[in-house]
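What follows is a set of notes on a single structure, which appears directly below.
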Amino acid sequence: MAELVAAVDCGTNTTRLLISDGTNDVLRIARITGLGRGLSESGRLSIEALGRVEAALREFCALMADHDVSQCRAIATSAARDASNSDEFFEMAEQALGHRPELISGAEEGSLSFAGATKGLSAMDGPFLVVDIGGGSTEFAVGTSELSSVMSVDMGSVRFTEKFVHSDPPRPEELSNLFQVVATHLDDVQRDVPGFSTASTVIAVAGTATTVAAVEIGLAVYDPDVINGFELTKEAAEDVFRTLATESLTARVHNPGLEVERADVIVAGSAILVGVMRHLGVSGVTIREHDILDGLVLSQLTV
């Protein structure tokens, strides 16, 4: 049997595990743990959030043992970069998982996402722009067979919800302010990331993008095989955004394809996705299930 390795991503909104041999994925799971919730106001990771992540990591540790995983690479991203008490997180994570997560930069986050998202794709379809919308940051990575440019910006579903969305449902002026800030960030990306606006294929990865696709499809039971490779049109993304943004939270949770735990931050996340599509002027994006986790697996198998 091929060697199995594990990848763990401790993100701002989700904690995720992939066990794979680089060709076959044995297990891919996500737990919405909200590590970075409340961080914008307090500057700290809350005790409750640390507890939720600890439970997920203990579950992952057991699963890794069950599958006789030979090695693991774990990372922490935006929330851990920003928090004043990130040391508490790293100590807890090492105890719970048995591996101490690496604190990676936004640029490395984008690089790993690009490697994972473009794995197995034909260079003929490049250059690719990989857009990874997370809870605390969004990464933009451009390249064909190899990465050529990357940038991380501080906009994400949790960060922008806490900063801009204060009403239920959101007021038009809140959404207008959010879109204006997204546009300002994208002007910076346009200036600093060569190839950002000229990529042949735009790929969107991570929970916001897959959720918008699942809601568009009406996927009551999440199926990664249906989502992976799905062509999400700009028109459909705009429609999903309008639906989610005009509903109260209690109504929004009933949309098939939307996880209850993600319902309070999906409006800001989908606004970022729509803002990117508007800025680029594209007719749609390709949704990929393969992302930073796959990049982490590849990094262990190609050393």
Selection status of residue 63, surrounded by 18 or more Cβ atoms within 10 Å (Cβ to Cβ) and out of contact with any Pro (no Cβ under 8 Å at 6 or more places or on another chain): no
Quick check: is even one residue across region 104-127 over 26 Å from residue 287 (Cα atoms) and either among the hydroxyl-bearing types (Ser, Thr, Tyr) or touching a residue at least 60 places away in the same chain (Cβ under 8 Å) (or both)? no
Criterion violated by residue 170 - all others in (1) farther than 22 Å from residue 287 by Cα; (2) at pLDDT below 95 satisfied: (2)
From the option list 181, 226, single residue qualifying as closer than 19 Å to residue 288 by Cα, part of a helix (DSSP H, G or I), of a type outside the set (S, T, N, Q) and not assigned by TED's automatic domain parsing to the domain that holds residue 35 is 226
(1) touching a residue at least 40 places away in the same chain (Cβ under 8 Å); (2) outside any helix (DSSP H, G or I); (3) surrounded by fewer than 18 Cβ atoms within 10 Å (Cβ to Cβ): which one isn't true of residue 31, the others all being true? (1)
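In region 140-150, how many residues are at pLDDT below 95 and not charged (D, E, K, R)? Let's see the steps before the verdict.
Step one: of region 140-150, the residues at pLDDT below 95 are 145-146.
Cutting the leftovers down to not charged (D, E, K, R) gives us 145.
Looking only at that region, the number is 1.
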Counting only residues in region 177-217 that are modelled with pLDDT under 95 and under 22 Å from residue 245 (Cβ atoms), the one surrounded by the most Cβ atoms within 10 Å (Cβ to Cβ) is identified as 206
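Return the residue satisfying two criteria in turn: it lies in region 1-25 and is assigned to a strand (DSSP E or B) and of a type in the set (Gly, Ala, Ser), and of such residues it is surrounded by the most Cβ atoms within 10 Å (Cβ to Cβ).
Result: 6.
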Going through region 150-176 one residue at a time, which ones are of a type outside the set (Gly, Ala, Ser), crowded, with 22+ Cβ neighbours inside 10 Å and closer than 17 Å to residue 279 by Cβ? 155, 160
Would you mind stating whether residue 293 is touching a helix residue (DSSP H, G or I) at 6+ places or on another chain (Cβ under 7 Å), surrounded by 15 or more Cβ atoms within 10 Å (Cβ to Cβ) and part of a loop (DSSP other than H, G, I, E, B)? no
List the helices (runs of 4 or more DSSP H) inside region 39-156, counting only whole elements, that have at least 3 residues being within 22 Å of residue 200 (Cα to Cα) and among the small types (Gly, Ala, Ser). 106-118
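Picking from 153, 131, which residue would you name as being at pLDDT 95 or above, touching a strand residue (DSSP E or B) at 6+ places or on another chain (Cβ under 8 Å), outside the structural domain of residue 40 (by TED's automatic domain parsing) and farther than 30 Å from residue 251 by Cα? Can you show your working first?
Values: 131 fails: farther than 30 Å from residue 251 by Cα.
When all the criteria are applied, what remains is 153.
Let me confirm something: among 230, 196, which residue is touching a residue at least 40 places away in the same chain (Cβ under 8 Å) and closer than 22 Å to residue 9 by Cβ?
Numbers: 196 fails: closer than 22 Å to residue 9 by Cβ.
One residue alone meets the criteria, 230.
The values are calculated or read from the model by the stated rules, or taken from the named source; none is laboratory data. Keep in mind that this is a model prediction, so the values were computed, not measured. Neighbour counts run over all protein chains shown; Cβ positions are idealised from the backbone, glycine included.
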